[in-house]
Amino acid sequence: MKKKIIVLVIVLLFLSCSCSKQTEDIEGNGNEQIDLESVEDGKENNQDNEVIIFDEDGQYLELYLEEKPWMYIANIKDIPELSEANEGGADYDHENGVISFSITKATGTMTGAVDGPWVFAEVDIIKKQVLKKKFGPAPEFDNPKYKEFSGEILEISDTRLTEIANYFYRIFNDKSFECIK
């Protein structure tokens, strides 16, 4: 009986050591210090990456200033083709001068997430030229509340796609949301 208890204790110790190592890998060692001076005015320093958050008047943006900057957006009101209910993202390849963005216009939901027609575009900011574009339809909604939007496809000209890319470009370069306010 003593041998079984000893073996059980050894197994439990082994498991607890391996579990705490996995938890440490995921959560850190718990001794991290938060630099309160780096968290101000909606800016937050996460190691080498700066995150700037804009949350005002129902509009929400997270700007990640990494080697290849990108942003998450929701409910941006400055792009009327996408209504005031939208969700998506953009990134900036500064080496090639290309802004890529993908945004869904919220017309309803099938799963609780944002569903609707979407647009994807890659735009050369220097040449003011659309390199790629794709438009996808809204799903076929069963809910009568959203039925009228079933299959809707966005129609956005190359000129307007370039303007939208320039809008994101200003945010990436200014590292601020002055063009939104």
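Cα atoms only, region 72-128: Rg and Dmax in Å?
Just the Cα atoms of region 72-128 yield Rg and Dmax of 12.8, 40 Å.
Roughly speaking, what is the stretch gain from Glu148 to Asp78, that is 0.36 nm per residue apart minus the C-alpha to C-alpha distance, in nm to one decimal?
22.8 nm
Give the share of C-alpha pairs in each 10 angstrom bin for region 84-181, from 0 to the last occupied bin, in whole percents, shortest bins first.
With 10 Å bins starting at 0, P(r) equals 16, 41, 28, 13, 1.
The numbers here are math on the coordinates, done by the rules we state, and not lab data. Here the structure is a predicted model, which means the values were calculated and not measured.
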